[in-house]
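Report on one structure; see the data block that follows.
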Amino acid sequence: MQTPAPVEYARATSVGDAIALLEKHGDEARLLAGGHSLLPMMKLRLARPEILIDLNDLDELRGIRIEGDEIVVGAMVTHAEILDSPVLAEHYSIFREAEKVIADPIVRNKGTIGGSMCQADPSEDLSAVGSALKGSVIIQGSGGKRSLALREFHEGPYETKVGDAEILTEVRFPIRPGAGSAYEKVERRVGDWPVASAGAFVVVAGGVVKDCGIGLTAVGAEHFCAPDAEAFLIGKAPTEENLSAAAKLAADACTPYADQRGPVDYKLHLAHELTLRVLRRAVASSQGA
Amino acid sequence: MEVTITINGTPVTSDVEPRTLLVHFVRENAGLRGTHWGCDTSNCGTCVLWVDGSPVKSCTMLAAQADGHEVTTVEGLEQGGVLDPIQQGFIECHGLQCGFCTPGMMMTGRWLLDNNPNPSEVEIRDCISGQICRCTGYKNIVASIQWAAEHPLTSEVTA
Ligand SMILES: Cc1cc2nc3c(=O)[nH]c(=O)nc-3n(C[C@H](O)[C@H](O)[C@H](O)COP(=O)(O)OP(=O)(O)OC[C@H]3O[C@@H](n4cnc5c(N)ncnc54)[C@H](O)[C@@H]3O)c2cc1C
Ligand code: FES
Ligand code: FES
């Protein structure tokens, strides 16, 4: 039987209260969102916090809304809510396409976007989505709020720029009129973590790529992105030849490990192929828009 | 810590360690052994029950998190001696062999039908994709959920 080690439990009543609790308990405290990464890690003793600070009562961290030219997603918004959100679907099909293949419907009822970003698993699907869309996060501490680009948020596997006494409160995505987007994942079986995934958005106007973003996960792409491939495409016609060259550059930015999900050459092949597929579909949907 | 969870309409109060998992609270403290517990790793889905009407894997939630909330387990499906159609469906279509996965399958199946009364086979398979059955090959589980979709409880309340 797997059970977490003894731990204290407190329910935060507000973001301010959660920050005060974090300050009081220092690095012995951990925030509890969906718990679907943290509780398994505690069962395995990979995490041994002394106190859990439960964020589930904080309605201020819920909800998806539009603010100016950005979509704002609260940290406690679940995978299921992202999957079902008409606002997100209207602007970016990448969200539905990614969420459909993240875990399973029951896990999606609990896992949150804030937890996914802060878990910073090198195979996290939403990290690739966030990087592809060049989103940002709001991080709050007792000194106030700061904004940080998602492409600067991850310090490495399981490490982020969120400090000991800070909370990620929001994830923000810029709205880009005319953008098409897509997500593709290869998994060993339904509901599993990716062998490799790629996501992209593209804005095509006047026959050339005006803007684009490429995100990759599980393949060791730094900050889950492929900036050289993006730079190559911008200003060029979205021909098959150019998309393929960009996909090749994206794969070149990857440094996957061999593990039980596959060898290095296979993962690099997937990085190339999946990037090509999402670019093709994002281009088609931008041209159709 | 003292935790009170309303399970199938009845409040259950127990003094538990904060690390107690919800599945163990339901089985040990509330004595409701219908909810099974298998993999411990949120992969098999036999521990699925509802918290505030939405299915969760109760091996991956603390009882403390459910304090003050409503839980529904497989024991809560039957109403006034009448089996829920999802339970009847598993009988009619031979939806179980050893029965280990069954409580989780029923809780997910009932939830699916509450939100989508006429799901396609693909939608049913997708919905139970986080749950493992080692006996039936899933075919009869899908048929059982389809049977329940075709035989909804007729409401006795008429205008
Ligand atoms: C069976 C299974 C399959 C899965 N498959 C996939 C998959 O295919 N793809 C995928 O991407 N993911 C997958 N996941 C992971 C899932 O998406 C998790 O829900 C997610 O990684 C963590 O979200 P959470 O809300 O559960 O976070 P928690 O487990 O609650 O927290 C994770 C970490 O983030 C910290 N944290 C949480 N919220 C905040 C916040 N607001 N501010 C600061 N720190 C915070 C916590 O302290 C903890 O360290 C799977 C999980 C399971 C159990
Ligand atoms: S025991 Fe909870 S998913 Fe297997
Ligand atoms: S009936 Fe035996 S595991 Fe499903």
Can you tell me which residues in the range A:187-207 are of a type in the set (Val, Ile, Thr) and open to solvent by 40 Å² or more (accessible area, probe 1.4 Å)?
A:Val190
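Among residues belonging to the range B:114-133 that are touching a residue at least 24 places away in the same chain (Cβ under 8 Å) and farther than 19 Å from A:Val107 by Cβ, point out the one that is nearest to ligand 3 (Cβ to nearest atom).
Narrowing the range B:114-133 to residues touching a residue at least 24 places away in the same chain (Cβ under 8 Å): B:117-119, B:121, B:128, B:130-133.
When the remaining residues are screened for being farther than 19 Å from A:Val107 by Cβ, the result is B:117-119, B:121.
On the way: B:Pro117: 24, B:Asn118: 24, B:Pro119: 20, B:Glu121: 18 Å.
Step by step, filter the range B:114-133, then rank; the result is B:Glu121.
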Got a number for residues in the range A:108-127 being within 16 Å of ligand 2 (Cβ to nearest atom), among the polar types (S, T, N, Q) and outside any loop (DSSP other than H, G, I, E, B)?
0
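Among the candidates A:Gly135, A:Gly111, A:Gly144, A:Gly115, which residue alone is under 23 Å from A:Glu184 (Cβ atoms) and either free of Cβ contacts under 8 Å to residues at least 12 places away in the same chain or within 14 Å of another protein chain (Cβ to nearest Cβ) (or both)?
On the way: A:Gly135 fails: either free of Cβ contacts under 8 Å to residues at least 12 places away in the same chain or within 14 Å of another protein chain (Cβ to nearest Cβ) (or both); A:Gly144 fails: under 23 Å from A:Glu184 (Cβ atoms); A:Gly115 fails: under 23 Å from A:Glu184 (Cβ atoms).
Selected residue: A:Gly111, the only one of A:Gly135, A:Gly111, A:Gly144, A:Gly115 that is under 23 Å from A:Glu184 (Cβ atoms) and either free of Cβ contacts under 8 Å to residues at least 12 places away in the same chain or within 14 Å of another protein chain (Cβ to nearest Cβ) (or both).
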Hydrophobic (A, V, I, L, M, F, W, C), farther than 22 Å from B:Gly31 by Cβ, within 16 Å of ligand 1 (Cβ to nearest atom) and at the interface with another protein chain (Cβ under 10 Å from one of its Cβ atoms): is that true of B:Cys59 in this structure?
no
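Going through A:Glu90, A:Glu99 one at a time, which residue ends up being farther than 20 Å from A:Thr13 by Cα, within 14 Å of another protein chain (Cβ to nearest Cβ) and modelled with pLDDT of 95 or more? So that I can check it myself, show each step before the final result.
On the way: A:Glu90 fails: within 14 Å of another protein chain (Cβ to nearest Cβ).
From the options A:Glu90, A:Glu99, the qualifying one is A:Glu99.
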Hits in the range B:121-151 - residues which are surrounded by 11 or more Cβ atoms within 10 Å (Cβ to Cβ), assigned to a loop (DSSP other than H, G, I, E, B) and more than 16 Å from ligand 1 (Cβ to nearest atom):
B:Cys133, B:Arg134, B:Cys135, B:Thr136, B:Tyr138, B:His151
Of the listed residues (A:Ala128, A:Ala120), the one being on the phi < 0 side of the Ramachandran plot and either open to solvent by less than 40 Å² (accessible area, probe 1.4 Å) or not assigned by TED's automatic domain parsing to the domain that holds A:Thr255 (or both) is A:Ala128
Mind checking whether some residue in the range A:41-56 is within 12 Å of ligand 1 (Cβ to nearest atom) and acidic (Asp, Glu)?
yes
Just checking, how many residues over the range B:107-135 are under 20 Å from B:Leu77 (Cβ atoms) and either within 14 Å of chain A (Cβ to nearest Cβ) or in contact with a Gly (Cβ under 7 Å, 6 or more places away or on another chain) (or both)?
17
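For (1) touching a helix residue (DSSP H, G or I) at 6+ places or on another chain (Cβ under 7 Å); (2) hydroxyl-bearing (Ser, Thr, Tyr), each residue gets a yes or a no:
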position	(1), (2)
B:His69	no, no
B:Val74	yes, no
B:Val82	no, no
B:Gly95	yes, no
B:Pro117	yes, no
B:Glu121	yes, no
B:Cys133	yes, no
B:Thr136	no, yes
B:Asn140	no, no
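Taking the range B:13-23 only, how many residues are under 19 Å from B:Gly76 (Cβ atoms) and open to solvent by 50 Å² or more (accessible area, probe 1.4 Å)?
The first filter runs over the range B:13-23 and keeps only residues under 19 Å from B:Gly76 (Cβ atoms), leaving B:13-14, B:22-23.
Applying the additional criterion that residues be open to solvent by 50 Å² or more (accessible area, probe 1.4 Å) yields B:13.
Summing the residues that are under 19 Å from B:Gly76 (Cβ atoms) and open to solvent by 50 Å² or more (accessible area, probe 1.4 Å) in the range B:13-23 gives 1.
The values are calculated or read from the model by the stated rules, or taken from the named source; none is laboratory data. All figures in this text were calculated on a predicted structure; none of them were measured in a lab. Ideal geometry is used to build each Cβ from the backbone, glycine not excepted, and the neighbour counts take in all protein chains shown. Ligands, DNA and RNA are stripped out before the accessible areas are found, and what is left, the full protein with its side chains, is counted by its heavy atoms. Shrake-Rupley method; radii C 1.70, N 1.55, O 1.52, S 1.80 Å.
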